[in-house]
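Q: Here it is: the structure, laid out below.
The values are calculated or read from the model by the stated rules, or taken from the named source; none is laboratory data. Keep in mind that what you see is a predicted model, and the values were worked out from it rather than measured. Glycine also receives a Cβ, built like all others from the backbone with ideal geometry; neighbour counts cover every protein chain displayed. Side chains are part of the model used for accessible areas, which takes the heavy atoms of the whole protein and leaves out ligands, DNA and RNA. Shrake-Rupley method; radii C 1.70, N 1.55, O 1.52, S 1.80 Å.
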Amino acid sequence: MRCPIETEEHAETLLAYCANRLDPAQAAALERHMRSCAACRSFQEAQQTVWEALDTWEAPPVPADFDRRLYQRIEAEGYTWWQRLFQPFRPVLLRQGLPLAAAACLLVMAGIIAQRPGERRPAPAPPAVRVESVQAEQVERTLDDLELLHQFTEATGVEKHSPDSM
Amino acid sequence: MGGAAAALDYDAELMLRVKEGDGASFGLLLEKHRSAVIHFLYRMVQNHAVAEELAQEVFLRVYRSRSTYEPTAKFTTWLFRIATHLALNALRDGKNERGQESLDGSVAELPVRQISDAAPTVEQSMVYRARLEEVRRAVSLLPEKQRAAVLMHKYEEMEYSQIAKVLGCSESAVKSLLFRAYETLRARLAHMA
């Protein structure tokens, strides 16, 4: 095997070896070469140190709410400008909107029913209209009753104030 | 490569289903690639909040582009091209400055790797944190493109050709980027042997 350090592919071959990306035959050939080549051995050892140092650098875990926040942004992109305007109030509207909408519907329906001409209740008739409907006999009878009452009052009043009657 | 080809077909197929309005397929893509994208962005900008914000933007752009999606390249190439583009823009805009300033403090938030069964001693934890801090600093000092190339090569195990497509350069340029980046890291981290 030609020395990788002395060829143009030296870095590629040695880097691939340190990254375990050489095929077994190539790796075995390089290992045989390194037993007798101090320069390649030194390169490989230094690169191995870098590789192991980079292995210690673990990235932090993915935040638990990453997907939720992403889907929220995707959802928000699908709205028109006025839908976006009301976006912050959506939870409140969803929670309280249904009862409010139901109440509004009831009010509207009550208004419609009250306005329907076929079912309008007759307004109470003024007293004059009632007088017109009273029969003449009823009037006569009432007047007779009043006369009798007057006579009775007079009769009882005389008896009350006359000392002879005692 | 057979596995990679199968993955290409599967991810692209899922994306084509998303294009047809299948939201569940988007969920599968998100589930599959979410961690890799967030971890790549975190190592690029070294700030939790900025990395999360950028990762959200990556998947939002994927979703927005569903109607025009064509499987001309590997899905992960497209995905990391978006992620790298956003990360490089964020670095140029200085969005990660908060993270760079609080580099020392933020190391304490990371979990300490437990090497043996026994809980690590205070001394072991301190040594681990110091090493981690050195690694982070060494990577953060790399030029942006070299950093992106190293992260994709080391952690995402991408081929040179795929890194080249993500970064929009030739394969030989990627080899050169990686050689220079690892050369710098070997010099900075040599004492850790």
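Q: How many residues does the stretch B:135-168 contain that are within 13 Å of another protein chain (Cβ to nearest Cβ) and open to solvent by 70 Å² or more (accessible area, probe 1.4 Å)?
A: Residues flagged as within 13 Å of another protein chain (Cβ to nearest Cβ) and open to solvent by 70 Å² or more (accessible area, probe 1.4 Å) within the stretch B:135-168 amount to 3.
Q: Find all pairs meeting these conditions: Cβ atoms under 7 angstrom apart; at least six residues apart or on different chains; first residue within the stretch B:8-21 and in contact (Cβ under 8 Å) with a residue 40 or more places away in the chain; second residue among the β-branched types (Val, Ile, Thr).
A: As it stands, the answer is B:Asp11/B:Thr76, since those pairs meet every condition given.
Q: Limited to the stretch A:1-32, what total is found for residues that are part of a helix (DSSP H, G or I) and either within 14 Å of chain B (Cβ to nearest Cβ) or at pLDDT 90 or above (or both)?
A: Residues in the stretch A:1-32 being part of a helix (DSSP H, G or I) and either within 14 Å of chain B (Cβ to nearest Cβ) or at pLDDT 90 or above (or both): 20 in total.
Q: Still on this structure, I have one more. Could you tell me whether the stretch B:13-23 includes any residue that is more than 10 Å from chain A (Cβ to nearest Cβ), crowded, with 21+ Cβ neighbours inside 10 Å, modelled with pLDDT of 95 or more and under 19 Å from the mean Cα position of the chain (by Cα)?
A: No, there is no match, as no residue in the stretch B:13-23 is more than 10 Å from chain A (Cβ to nearest Cβ), crowded, with 21+ Cβ neighbours inside 10 Å, modelled with pLDDT of 95 or more and under 19 Å from the mean Cα position of the chain (by Cα).
Q: Quick one: which residue in B:Ala55, B:Ala51 is open to solvent by less than 60 Å² (accessible area, probe 1.4 Å) and closer than 20 Å to B:Ser25 by Cβ?
A: B:Ala55
Q: Got a number for residues in the stretch B:169-191 being open to solvent by 10 Å² or more (accessible area, probe 1.4 Å) and either in contact with a His (Cβ under 8 Å, 6 or more places away or on another chain) or not basic (Lys, Arg) (or both)?
A: 13
Q: Residues that are modelled with pLDDT of 95 or more, within 14 Å of chain A (Cβ to nearest Cβ) and assigned to a helix (DSSP H, G or I): does the stretch B:86-95 have at least one?
A: yes
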